[in-house]
1. Name the single residue that is nearest to the ligand (Cβ to nearest atom) among those in the range 69-85 being open to solvent by 50 Å² or more (accessible area, probe 1.4 Å) and in contact (Cβ under 8 Å) with a residue 60 or more places away in the chain.
2. Please go through the range 119-143 and give me each residue that is open to solvent by less than 50 Å² (accessible area, probe 1.4 Å) and closer than 25 Å to Ala8 by Cα, ordered by number.
3. Which residues, taken from the range 86-118, are of a type in the set (Ser, Thr, Tyr) and either in a loop (DSSP other than H, G, I, E, B) or open to solvent by less than 10 Å² (accessible area, probe 1.4 Å) (or both)?
4. Identify, please: which residue in the range 203-261 is part of a helix (DSSP H, G or I) and open to solvent by 70 Å² or more (accessible area, probe 1.4 Å) and is, among those, nearest to Val193 (Cα to Cα)?
5. Output the residues belonging to the range 172-191 that are outside any strand (DSSP E or B), among the small types (Gly, Ala, Ser) and within 14 Å of the ligand (Cβ to nearest atom).
6. May I ask you to verify whether Val209 is at pLDDT below 95 and among the aliphatic types (A, V, I, L, M)?
7. Criterion first (at negative phi, within 12 Å of the ligand (Cβ to nearest atom) and in contact with a strand residue (DSSP E or B) (Cβ under 7 Å, 6 or more places away or on another chain)) does Gly216 satisfy it?
8. Restricting attention to the range 10-37, and to residues there that are of a type in the set (Lys, Arg) and in a helix (DSSP H, G or I), which single residue is farthest from the ligand (Cβ to nearest atom)?
Amino acid sequence: MDSNEEIAPDVRSILSAARDRGGASGTVDVTARSLSAAFDRAERDGRVPTITEVKPTSPTTAGRHDGDPVELATAMVEHGAAALSVLTEPEHFGGSPETLCRVREAVDVPVLRKDFILYEEQLDVVEADLVLLIVRFLEEAGTDDLDDLIDAARDRGFQVLVEAHSRAEVEAAVEAGAEFVGVNNRDLAKLDVDLETFESVAPAVGDDVTLIAESGIETPADVRRMRAAGADGLLIGSAIMDGDVAANTQALTTPTETHNQ
Ligand SMILES: O=C(O)c1ccccc1NCC(=O)[C@H](O)[C@H](O)COP(=O)(O)O
């Protein structure tokens, strides 16, 4: 996203809530489960390395999924998820740190804390195996710097997934030392989703970075498309949460040629 571009009102509201949310007073010390090892295990088993997201709702979701997050997460892992993403943002995504804790206790795969972290003390709200840092949001005035937050997260034992939406943002992520870079197909200025985003950005990324395609992946054909464009892994929320979570996870993590959609 062009940093001068207007951000969608929903996203402004997400940012404003993130600025108001406090942190924690202590400092967490995490023993993280390795995302690289989880992706390797999935590849060896013939599954597409996929982070599936426990996403109760969002600004672009109609209604709310009321299933028990632990049951949903367990079904995802049993049916092929290499790792999980759990929303902890309460106001716009219906998440909570407590939900993440319960899910992480119930599974043995890495769990990403999906939130909009702007300040170091917000890292200490809950333990997770990875935290998400969004380049665009950390370019906003008054937030902590991406580089400093990466260091602070790693000092606490977290792995870090840095999210970008454009070549310039990917370059910023790589320059800051990101090992895991997520390219979000969702444009936070308009909230449109376009899988071409990943296709246009991926060729600029070196092999030393684990590249994850995020958002808008709905069908086995989309999975194959993102993999063909160079995705080492995928992050999928809505298409897993809508309907039968177990069947959706199975279909999207093992997309055989017979899945022609
Ligand atoms: O999902 C939204 O509506 C949304 C709106 C505003 C900012 C961020 C948003 N989503 C964050 C995400 O990164 C997605 O939850 C994640 O990539 C999964 O996307 P999807 O598979 O399309 O549900």
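1. Just the residues of the range 69-85 that are open to solvent by 50 Å² or more (accessible area, probe 1.4 Å), to begin with: 71, 78-79.
Then keep just the ones that are in contact (Cβ under 8 Å) with a residue 60 or more places away in the chain; that gives 78-79.
Values: Glu78: 20, His79: 16 Å.
It comes out as His79.
2. Tyr119, Gln122, Val131, Leu132, Leu133, Ile134, Val135, Arg136, Phe137, Leu138, Glu140, Thr143
3. So in the range 86-118, the residues of a type in the set (Ser, Thr, Tyr) come out as 88, 96, 99.
Matches in the range 86-118: Thr88, Ser96.
4. Arg225
5. Within the range 172-191, just Ala189 meets the criteria.
6. Working: at pLDDT below 95: no; among the aliphatic types (A, V, I, L, M): yes.
Considered against the rule, which asks whether it is at pLDDT below 95 and among the aliphatic types (A, V, I, L, M), Val209 comes out as no.
7. No; evaluated as a whole, the condition is false for this residue.
8. Across the range 10-37, the extreme among qualifying residues is Arg19.
The values are calculated or read from the model by the stated rules, or taken from the named source; none is laboratory data. Every value quoted in this text rests on a predicted model; they were computed, and no experiment measured them. Note that each Cβ is placed from the backbone with ideal geometry, even for glycine, and that neighbours are counted across all protein chains shown. To get the accessible areas, we keep the full protein, side chains included, count just its heavy atoms, and leave off ligands, DNA and RNA. Shrake-Rupley method; radii C 1.70, N 1.55, O 1.52, S 1.80 Å.
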